[in-house]
1. Work out how much length LEU129 to GLU96 would gain on full extension: take 0.36 nm times their residue separation and subtract the Cα-Cα distance, in nm to one decimal.
2. Take the alpha carbon gyration tensor of segment 75-177, find the square roots of its eigenvalues, order them as a ≥ b ≥ c, and report rounded if a/c is under 1.5; if not, report prolate when a/b exceeds b/c, else oblate.
3. Would you please classify the overall shape of segment 237-287 from the alpha carbon gyration tensor, given that a ≥ b ≥ c denote the square roots of the eigenvalues, rounded means a/c under 1.5, and beyond that prolate means a/b larger than b/c while oblate covers the rest?
4. So if each residue of separation counts as 0.36 nm, and I subtract the Cα-Cα distance between LEU168 and ALA201, what length gain in nm does that give?
5. Compute the label zone of VAL121 within segment 37-81: residues whose backbone N is under 15 Å from the point 7 Å along Cα-to-Cβ.
6. Compute and list, largest first, the equivalent-ellipsoid semi-axes of segment 94-134 from the alpha carbon gyration tensor, each √(5λ) rounded to a whole angstrom.
7. Of the peptides 81-87, 118-124, 226-232, how do they stack up when ordered by the mean number of other Cβ atoms within 10 Å, highest first?
8. Going by amide H atoms built from the backbone, whose H comes under 5 Å of the H on TYR253, apart from near neighbours?
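A short reminder: the numbers here are calculations on the coordinates, not readings from a lab. All figures in this text were calculated on a predicted structure; none of them were measured in a lab. Every residue, glycine among them, receives a Cβ derived from its backbone with ideal geometry; neighbour counts consider all protein chains shown.
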Amino acid sequence: MSQTLADGVSADAVPGPARPADEPGAGPVPGRGAGPRRLLSFLVRRPGLVASVLVLVLVVLAAFWPGLFTSQDPLKGVPSENFRGPSGAHWFGTDELGRDVFSRVVHGAQLSLKATLIAVVVAFVVGGLIGLVAGFVGRWVEDVLMRFVDVLLSIPALFLSLALVTALGYGTVKVAVAVGIASVAGFARVTRAEVLRVRQAVYVEAARSCGARWYSVLGRHVLPGAAGPVIVLATLDFGAAILAVSSLSFLGYGAPPPAPEWGTLISDGRNYMANAWWLTALPGLAIAATGLATNRIARALDGEWAGRR
């Protein structure tokens, strides 16, 4: 019987020995070098994204190493050179005290970026924990937490930030905490939605049926599966946090003068818009460029790059 079956098998159906990948004439190994080439092709087709990354890199460098861009003291002014327009000596002009506006914008990036990072971290951690507990535990815990989130959503973010910073007091860190708490609701809702989606996945149910502990399911399956959209939201919220922090600094809740926060620079220059437009326009351009750059990067992470994977 076995001999008959062997005779009926065609010689072409018998697999031959596998050819080594390095043997001459062998085909290319799938995936080798595909990642860098795909990333390069993705960036070449999107010059706006490359420019956004460059802007964000420059802002980060200015925040941590301002000496790379300017050697002038942002607090020292020369009264005889006040209200000088943008030129080779002063790229962003000078203010009413003769201080170099470019050096103040560069050094102000440290304060503004620090406040923005604190705000995003507060919103990410607090909102993420609320959404994670609500989505993973469920039942009455979810109802209580999400009703609290609904209350936060019912209050405009700027008004909530103003109320919190009034209660906490003035200062860069307190402004950042207030902005972060005002953004908790969005992170909580997105995290809860992603946890609910991942919790119903087949591999999560299989892990539970195999007797895995709840903390093992949470750490190995639920958190990695739900983290992507939340990270994208954090990138997107970075631009909104810059605007919120600058708005509160503009209203006088940030660091006290002469600290060169971006919002404070615009507030100081608004009284001289008729004869010194650069005092408000150029710091405002820095805020707008940073916000647009982070939004462009978040859009690429959320839709464009994910669609090519």
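1. 7.2 nm
2. In terms of gyration-tensor shape, prolate.
3. Note, shape of segment 237-287 comes out oblate.
4. That pair, LEU168 and ALA201, stretches by 7.6 nm at full extension.
5. Residues passing the 15 Å test: 64.
6. Result for segment 94-134: semi-axes of 38, 7, 5 Å.
7. My ranking of the peptides, most packed first, is 118-124, 226-232, 81-87.
8. Answer set, sorted by chain and number: none.
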